[in-house]
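What follows is a short report on a single structure.
The values are calculated or read from the model by the stated rules, or taken from the named source; none is laboratory data. For clarity, every value in this text was computed on a predicted model and none was experimentally measured. Reconstructed Cβ throughout: ideal geometry from the backbone, glycine too, with neighbour counts over all protein chains shown.
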Amino acid sequence: MKSSILFVSALLLPTALAASGCQGNGSDQLTGSTGWSNTPNAVAYDSLGSGRLNTPNHFQNPNLGLNGLTDPAQVQVQVQAVGSPEAVARLHGCSKITYAALGALLTSRGVDLTQTAMGTAGELYTDGATALGVAIYPGRTPEAILGSTASLAKEMDILVAAAGEILANNPVMSACPGTALLDQTGNFTKDGISCILGKPATADHVTLANQVISEASDLPTGQQVALAALLEAAQTCE
Amino acid sequence: MRHTKWRSIATTALGVTALLAAGCENGGSGGSPQKEPEGATAVAPNGASAAVAPPLGGPGGTTAGTGGATGNDGADPGLAKNPNIMARKINYGEALRTATLKLVGDLPALTDINDIVNAASQSDGGKVVYQLKIDALLADPRFAVRQIQWWRDTFKTGAPGEPTGMGMPDFDAAATFAAEVVVNDRPYTDLFTASTGTCPTFANGTFTDANCPGTQPVAGVLTDPGLMSQYYADLAFRRVRFIQETFVCNAMPTEFSGNPTAVGSGLYTSPWPFTSVSGGTGANVNFQDTSAVICANCHTTLNHIAPLFAYFDANGVYNNTAFQVSTPIPGEPTSVISDWLPAGQQTFAWRFGTPVTDLPSLGAAIAADPAIAQCAVNRVWNYAMSRGDIVNDLATVPPVVTASLLADFKSGGMKLKTVIREAFTSDDFVQF
């Protein structure tokens with residue numbers, strides 16, 4: 001009896017797989033044909049062209065969906081959440097800091113990106129280029145404009161590592177010559193934080209950063225946590 | 001143990017980051033701006049193949065009824081009462097930070113930050129000082145470097161530092177030329193009409209003009225061997241799509257008749273005669289097919305342009321004795337003109353009613369198209385405002401938003417650097 005069930009299953013399983021494969025179409029199939037959808041004559045928003053068998057496939061953009069276009073319905077929901085297309089266009093978005101700019105700002109704040117030791121900001125930056133969304137021009141893929149989970153996580157790793165190196169190299173922040181990041185008590189200075197943020201520090205920045213130091217288990221750890229947090233909060237968006 | 005400590009620091013920092021961000025928001029000027037949801041953009045004008053209406057307001061415009069826009073220029077009558085708009089405050093310090101990152105690829109120096117702080121007490125709140133900082137950034141040698149990179153990403157091509165060879169073209173020349181046009185205040189239309197010096201080099205802060213190799217007629221970046229190689233594909237369609245999406249800012253279809261007609265399973269919306277593209281019995285490719293979508297809605301435009309680019313081979317080498325692209329049918333034969341256009345209708349055009357004869361005249365037609373100027377301005381706007389790609393991310397820009405920039409662009413000799421300055425000093429840009 002068991003043998004019979006196994007035998008029948010063995011016969012049916014490939015059949016079922018084959019059937020589902022035919023229905024789904026391969027990735028080199030057009031999407032706009034009647035065969036693509038269960039609805040006769042339906043045309044998807046991301047249709048690449050005509051029927052399955054009557055024209056060749058249309059070119060696609062890598063990593064951007066079937067033909068590189070975002071779903072308008074999804075965009076419309078996002079726009080309505082903000083108010084209108086005009087409102088959306090007049091508000092700043094949140095583009096990721098470019099790979100080159102991230103390197104430049106870290107270097108000008110005292111991080112040595114030529115370091116190759118495991119766990120250094122330099123090593124994480126160099127080895128993390130792909131995660132940070134750099135361009136792949138042979139694949140016609142530009143550097144990512146918007147951040148991804150991977151790119152933001154990698155940036156966080158780099159900034160945490162960079163925080164320790166900036167603290168160690170404080171005297172050589174070339175962007176802010178003569179500026180002390182920390183005062184004699186080990187607390188952050190307002191100018192120092194401004195230099196790290198790239199914009200005027202507020203009293204809140206200073207208060208919160210130094211509160212982190214005071215609540216940490218020890219001074220170096222508190223300084224590094226606070227500095228990493230400042231960097232991450234400021235540099236998430238371009 | 002070391003990893004444990006790092007993880008602890010990272011986790012703690014992440015939590016503190018949230019606290020700092022929240023705290024700073026409450027603190028006012030240093031806080032995070034009201035942000036749109038990530039990736040939020042306006043709706044595509046005509047992304048769907050079955051589109052039956054032209055986009056309102058030109059490239060990057062918006063369709064009616066999407067998210068509250070009502071006018072042809074995309075103006076939102078309720079904008080002034082939008083809480084996201086109302087919550088914005090001028091913050092020149094924040095503006096200088098993002099402008100510096102975008103224009104020269106680094107954070108501002110402390111002296112520049114403090115200049116903004118010190119100018120806040122002036123009667124204009126520091127506006128003039130901020131504008132002078134933007135002028136300085138545009139004159140900074142790093143601006144040229146950043147521009148080259150921006151054009152690489154816009155063109156989706158480039159090979160910085162890579163030598164050419166093995167028959168491969170210079171994939172960086174087009175971006176370098178486009179950057180030179182911007183940095184040296186040349187008319188934007190040079191991208192389509194320049195007949196010499198379109199493959200410059202850049203070193204030590206200086207552009208050095210050079211002609212591209214090859215025997216092709218020259219029309220700005222349209223005849224750049226690197227771009228031609230990068231966008232090589234059957235029937236040269238990818239090259240046309242590149243030009244359409246990069247310089248017109250919307251996907252095909254892009255031409256619309258005022259009187260669409262029912263054909264097959266949908267509507268034929270192009271102004272071209274339906275039979276102006278190849279198809280039917282005996283054709284290698286049936287561009288008149290109507291069984292699913294209407295191929296001719298896009299291909300009436302595409303097919304009247306693509307043959308002009310078909311003389312460039314996979315390496316971007318021009319050979320005007322024969323087409324250098326294939327037709328994607330069994331055997332992959334070299335394309336023939338009847339693959340695109342039927343006998344008796346084998347003429348070329350940028351658009352219906354805008355005939356061209358060769359690549360330079362195509363370049364001139366593109367340069368004269370108002371959609372090109374609008375697209376250029378809208379791309380700059382999105383660049384300034386940290387928005388996604390105007391085509392792929394549907395980050396469209398209603399015309400009302402960039403109307404003044406466009407007017408100044410057109411009246412000022414099509415200098416894109418002027419548009420960049422206006423965008424980065426605009427009321428919208430300095431508010432967060």
Qualifying positions in the stretch B:165-187 - outside any strand (DSSP E or B) and more than 18 Å from B:L227 (Cα to Cα): B:V182, B:V183, B:N184, B:D185, B:R186
Neighbours by Cβ (under 7 Å, 6+ apart or cross-chain): first from the stretch A:133-148, without any contact (Cβ under 8 Å) to a residue 12 or more places away in the chain; second among the acidic types (D, E) and not in a loop (DSSP other than H, G, I, E, B): A:A135/B:D153; A:P142/B:D153
Only listed residue being aliphatic (A, V, I, L, M) and surrounded by fewer than 21 Cβ atoms within 10 Å (Cβ to Cβ), chosen from A:A209, A:A203: A:A203
Flag for B:A292 being part of a strand (DSSP E or B) and among the aliphatic types (A, V, I, L, M): no
Only one of B:D185, B:D172, B:D135 that is within 13 Å of chain A (Cβ to nearest Cβ) and of a type in the set (D, E): B:D172
Residue identified as surrounded by fewer than 20 Cβ atoms within 10 Å (Cβ to Cβ), farther than 27 Å from B:S426 by Cβ and assigned by TED's automatic domain parsing to the domain that holds A:Q223 among A:L159, A:L106, A:L152, A:L181: A:L152
Residue satisfying all of: in the stretch B:386-425; without any contact (Cβ under 8 Å) to a residue 40 or more places away in the chain and of a type in the set (G, A, S); surrounded by the fewest Cβ atoms within 10 Å (Cβ to Cβ) among these: B:S411
Which numbered condition A:I97 misses (of (1) buried (at least 22 other Cβ atoms within 10 Å of the Cβ); (2) in contact (Cβ under 8 Å) with a residue 40 or more places away in the chain; (3) not in a loop (DSSP other than H, G, I, E, B)): (3)
Extreme residue, nearest to the other protein chains (Cβ to nearest Cβ), among residues of the stretch B:70-107 that are free of Cβ contacts under 8 Å to residues at least 40 places away in the same chain, farther than 23 Å from B:V419 by Cβ and among the polar types (S, T, N, Q): B:N82
Subset of the stretch B:272-289 that is outside any helix (DSSP H, G or I) and among the polar types (S, T, N, Q) - its residue that is farthest from B:A262 (Cα to Cα): B:N284
Residue in the stretch B:121-141 that is in contact with an Asp or Glu (Cβ under 7 Å, 6 or more places away or on another chain), assigned to a helix (DSSP H, G or I), closer than 19 Å to A:E238 by Cβ and not hydrophobic (A, V, I, L, M, F, W, C) present: yes
Helices (runs of 4 or more DSSP H) fully within the stretch B:295-387 counting 1 or more residues that are away from every other protein chain (no Cβ under 14 Å) and of a type in the set (G, A, S): B:359-368, B:370-384
Condition met for B:F256 (part of a strand (DSSP E or B), surrounded by fewer than 22 Cβ atoms within 10 Å (Cβ to Cβ) and modelled with pLDDT of 95 or more): no
Subset tally (residues that are assigned to a loop (DSSP other than H, G, I, E, B) and without any contact (Cβ under 8 Å) to a residue 60 or more places away in the chain) for the stretch B:195-230: 11
Condition met for B:T208 (polar (S, T, N, Q), over 17 Å from the mean Cα position of the chain (by Cα), farther than 22 Å from B:T357 by Cβ and surrounded by 24 or more Cβ atoms within 10 Å (Cβ to Cβ)): no
Some residue of the stretch B:400-413 being within 14 Å of another protein chain (Cβ to nearest Cβ) and touching a Cys at 6+ places or on another chain (Cβ under 9 Å): no
